[in-house]
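First up is the structure itself, then whatever we jot down about it.
The values are calculated or read from the model by the stated rules, or taken from the named source; none is laboratory data. Just so we're clear, the structure is a prediction, and the values are computed from it rather than from any experiment. Glycine also receives a Cβ, built like all others from the backbone with ideal geometry; neighbour counts cover every protein chain displayed. Keep in mind that these areas ignore ligands, DNA and RNA; they rest on the heavy atoms of the full protein, side chains included. Shrake-Rupley method; radii C 1.70, N 1.55, O 1.52, S 1.80 Å.
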Amino acid sequence: MKLLKAYSPIGRSRRLIALIPFLTVLAVSCTWTDKDGDQSSDDDRVSGAKDMRYTREAAMNIYGYQPLRALDILDSAVIVGNLSEVRAELSKARIYSMTIMRNQIDSLLGGPEDVRLDSANSICERFLNHDSIKENLRLKYDALEILVYTTRQQDNTLEWMRRSNELIDVCHQIGKTAELDALRTEAELGAALYMLGQQEKGMAKLDSVISFLDTTHLLEEKEMSFSELDVLIVALKRKIVVLGSHDKYAETLPLARRILELLDEYEKNPDPFHDGSHREPSNESKRADYINFYRNQAQNFISAAYVSLGEHSSMMEAFGRIEQGVREATAREHIARYNALQHQMEAERQQTKARRAVVTAVGIGILALLFFVIAIVVTLNNRATRRKNRLLAQRISDAIKYRKMYFDEKKAHEPLPAPDTDSVTDEELFQYISDVIVRERLFLDPRFERQTIMDRFQLTKERVGSIFSKGSDYAKLNSYIQQLRLEYSAKILVEQPDKNIVQIAADSGFSSSTYFSNCFRQHFGMSPSDYRKNAMSKEDDKDAS
């Protein structure tokens, strides 16, 4: 079942009357996005945002003619932390359903005509079950308001009425600040009920809303606010439509004239109406659009009534006023589109300039980083070279000390007193065994192993293991013996330059020259040949000095 949106004129001037809805539609498309569906909550505005270019307010200011740009701003606002994802999704639903550039959104969503309405419905229905909306009446209000608007656009009357009742309940829960929104929805429901055959109930709703708004400010001796004016005009308009649908044109004339009176009063002196609500036009130009939009509709209603009543002269006069309003609205629309295009071109120029600046900054940053890396590599290489030189000098010095400490020929054959192996500590026993091994050069025997020590000093396998694991700095015997052999080989390399590497390896107790070279390189950081060259070079420098 579909809700009728306008009444069809009857009578002998059918062709002339048929032009009136067409001109009204043109005026609507050229001037004003219908206030019945376009609103944003006060609590949506971002305060203290770090980047004010990306806010919900910035997006909603341009979504009428630049919906794609508005969607980009919403995504950026979420990224910079100015907007929650829930609020961003609801704002996208509002853009999908209410933008003037409908084809752009349909194309973006990749669907048929008006797929934007289905997408907006899907978003709102999903978020009505979201925890944050269940606990936040304002968010719930926004979701329901979008659903009311989209279902009405889709002519889904039953769903529209269901969502409208839910919206009224939420308005009552919010309290005084949402009372006028509840009245607006009550008027819409009254019109729907009238169209669906419940004429008495529907008319009662419309009359109660009109009576309340038209008499409250008189009884309370206060000026009518803009929000009250807006809801009253919508309620009067809905009543005119339902009366016209049943050919009660005589009753529509005073209602349409009442709309014109309200608009004239608002146009002459707008200051008393100012209430700062989200529906109120924000500047003089938008106020003029608002007034002309509803004024054209009221004159349209009057013209249709005159035609139906046979008063052609009055109808032509009203028709002339409509035509003049359409011309003015068309001019304003062209100016608005031109300004929107100018703003878009300026925004694109700024974006291009910003991209160039970013590319330049990135290039400079890469060059600076490259020079920085090169400097670090050079510094690290210099440090590594100096560290190797210091290590080489230290090892040569250690080798000389070792020669003085352990290879004194006078003390080589002096026997050491054998300790009581059961009473001495592991450290003392290791020191004794080490002295014997060094003095007698037992490590030069390639067959030297753990059993050699066990036999020589009458020790158990466990005690030998304990001596080296607990009494020395070596984890095992092989490490200790290998170090002695390497230090001895280093000494021979310097003191006996005529010996080749193979001979030195054999003399030092290594089973092969290859194994010797590998162990030597790991220990000293260079090959035996390079060690000999460096040592000889230092000796020559010392002699020269």
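Relative protection proxy for 425-434, 103-112, from highest mean packing down: 425-434, 103-112 (other beta-carbon atoms within 10 angstrom).
How much solvent-accessible surface does R349 expose, in Å² to the nearest 10, with a 1.4 Å probe and all protein chains in place? Accessible surface of R349 is approximately 130 Å². Evaluated at 20 °C with a viscosity of 1.002 mPa s, what Stokes-Einstein diffusion coefficient in µm²/s does segment 432-499 have when Rh comes from the Kirkwood expression over alpha-carbon pairs? Approximately 166 µm²/s, per Stokes-Einstein. Computed over segment 161-233, the Cα gyration tensor eigenvalues convert (square root of 5λ each) into semi-axes of 22, 16, 8 Å, ordered from largest to smallest. Applying 1/(1 + (r/R0)^6) with r as the Cβ-Cβ distance of T514 and E462 and R0 = 51 angstrom yields a FRET efficiency of 0.90. Accessible surface ranking for E495, E113, 1.4 angstrom probe, highest first: E113, E495. Maximal additional length on extending the K533-D435 stretch stands at 32.2 nm, based on 0.36 nm per residue less the C-alpha distance.
Applying a 10 Å radius around every beta-carbon, put 466-472, 447-453 in order of their mean neighbour count, most first. Don't skip to the answer; put the middle values down first.
Details: 466-472: 17.7, 447-453: 15.1.
Top to bottom by mean Cβ count within 10 Å: 466-472, 447-453.
Under the classification rounded if a/c is under 1.5, otherwise prolate if a/b is larger than b/c and oblate if not, where does segment 164-292 fall, given a ≥ b ≥ c as square roots of the Cα gyration tensor eigenvalues? Judged from the Cα gyration tensor, segment 164-292 comes out oblate (a/c at least 1.5, b/c at or above a/b). From the alpha carbon centroid of segment 236-281 to that of segment 424-473 is 113 Å.
What is the sum of charges, Lys and Arg at +1 and Asp and Glu at -1, for the other residues whose Cβ falls under 9 Å from the Cβ of D426?
Working: positive: R463, K470; negative: E427, E428.
That sum, taken over residues with Cβ under 9 Å, equals 0.
For V115, the accessible area of its heavy atoms, probed at 1.4 Å with every protein chain present, is near 30 square angstrom. Between D541 and A361, what is the FRET efficiency for a Förster distance of 56 Å, r being their Cβ-Cβ separation, to the nearest 0.05? Efficiency at R0 = 56 Å is approximately 0.60.
Relative contact order, whole percent, for segment 456-521 stands at 20, derived from Cα pairs under 8 Å and 6 or more residues apart. Between E85 and D155, the contour length at 0.36 nm per residue exceeds the Cα-Cα span by 22.2 nm.
Subtracting the Cα-Cα distance of D207 and T385 from their residue separation scaled by 0.36 nm leaves 54.4 nm.
In this simple spin-label approximation, S277 and E113 carry label points 7 Å from Cα along the Cα→Cβ vector, and these lie 3.4 nm apart.
Exceedance of the 30 Å cut-off in Cα-Cα distance is limited, within the set K470/K542; K476/K538; K140/K237; K388/K542; K92/K268; K239/K268, to K470/K542; K476/K538; K92/K268. The heavy atoms of D142 offer some 0 square angstrom of accessible surface to a 1.4 angstrom probe.
So how do 273-280, 53-60 stack up, highest first, on mean other-Cβ count within 10 Å? Could the numbers behind the result be given before it?
Details: 273-280: 15.2, 53-60: 21.1.
For the peptides 273-280, 53-60, the packing ranking is 53-60, 273-280.
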